[in-house]
Amino acid sequence: MKRVLLLFVSIVLLSFLNSCGLSVRAVADVKLPPTTSVEIFNVNQALPENIERIGSITIDDTGFTSDRKGTYDACMSRLRSEAMKMGGDVVGIVVLNTPDRHSTIYRMVADVYRYK
């Protein structure tokens, strides 16, 4: 009985700790090798002309995300690393939600592009 209880508590604890991060969904339209640098353009900034869209990234709240993991700088860092994994050169932020009474972290949707 003690082993079953220990197993149950361990599973609950591990699933809780796993849910404390950001929810990141990266969808690539094409498979490309990773890149080493990415330019990030905010919502109101114009994107370069010679690019093509290769995917999108959504960063959202899991409900248990710590404030430290959801800062603007942490989200930008995660956005940059996911875009590099996808083979992107440019990231254009489409939606940027700041912390509010519903969530204590930044949430964003971005498109990933590569130079033609």
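Tell me, which residue of the range 2-51 that is assigned to a helix (DSSP H, G or I) and of a type in the set (D, E, K, R) is modelled with the highest pLDDT? Selected residue: Arg3. The single residue among Asp67, Asp60, Asp73 that is acidic (Asp, Glu), at pLDDT 85 or above and surrounded by fewer than 13 Cβ atoms within 10 Å (Cβ to Cβ) turns out to be Asp73. Taken together, the residues in the range 68-88 that are assigned to a loop (DSSP other than H, G, I, E, B) and closer than 17 Å to Ser23 by Cα amount to 4.
Looking at Val95, Val91, Val109, which one is assigned to a strand (DSSP E or B) and crowded, with 20+ Cβ neighbours inside 10 Å?
After applying the criteria, what remains is Val91.
The values are calculated or read from the model by the stated rules, or taken from the named source; none is laboratory data. Keep in mind it's a predicted model, so treat the numbers as computed, not measured. Because the Cβ atoms are built from the backbone with ideal geometry, glycine has one as well, and the counts that use them run over all protein chains shown.
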